Amino acid sequence: MGVIWIDADACPVKAEAERVATRLSIKLMMVSNGGLRPSPNPLVEMVYVDRGPDVADMYIAERATRGDVVVTNDIPLAAKCVEAGARVLRPDGEALTPANIGNVLATRDLMSDLRSADPFRQGGGKPFSKADRSRFSDALDRVARAAQREVSNG
């Protein structure tokens, strides 16, 4: 198995990802613009990139490959990683795959257009719950195990 990549700046499930990585003995790469404390866990590597739009995303996109798992809410990053053969999860546990990434990208673009057309449109996601964290942990465990099998079967 490769590694688990975390788009860490706004990721709400870093602790859950670290627990799964530790249980499965998989290297976890947390990529951030800074401000995150290093983990004492020897499986966790903190990668601090320059500040700027999409710098962390570009770092992950250039390195993620088949056998890796990427955790991100950034849809363009997810699309690049799926194209590179990595498995991708959102923090809510939703898998982004070759079968659904096109629709997810189109929906993202549509919502962006709607928001820009209506400057008074208020929104935001619902609060992140314990059930969301549990769903993510289960999904990451399942996807990471599948990636391990994929790599060991060649």
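The values are calculated or read from the model by the stated rules, or taken from the named source; none is laboratory data. All figures in this text were calculated on a predicted structure; none of them were measured in a lab. Positions of Cβ are generated from backbone atoms using ideal geometry, with glycine treated the same way; all protein chains shown enter the neighbour counts.
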- Query: Is it fair to say residue 97 is over 10 Å from the mean Cα position of the chain (by Cα) and either polar (S, T, N, Q) or closer than 19 Å to residue 15 by Cβ (or both)?
  - Reply: yes
- Of all residues in segment 87-103 being farther than 14 Å from residue 134 by Cα and of a type in the set (Gly, Ala, Ser), the one that is modelled with the highest pLDDT: 95
- Would you point out the residue of segment 33-75, among those that are among the small types (Gly, Ala, Ser) and modelled with pLDDT of 95 or more, that is farthest from residue 103 (Cα to Cα)? 64
- Item | Exclusive hit being over 10 Å from the mean Cα position of the chain (by Cα), of a type in the set (A, V, I, L, M, F, W, C) and in a helix (DSSP H, G or I), set 46, 58 | 58
- Scan 49, 13, 31 and give me the residue that is in contact (Cβ under 8 Å) with a residue 60 or more places away in the chain, more than 18 Å from residue 146 (Cβ to Cβ), surrounded by 16 or more Cβ atoms within 10 Å (Cβ to Cβ) and in contact with a helix residue (DSSP H, G or I) (Cβ under 8 Å, 6 or more places away or on another chain). 13
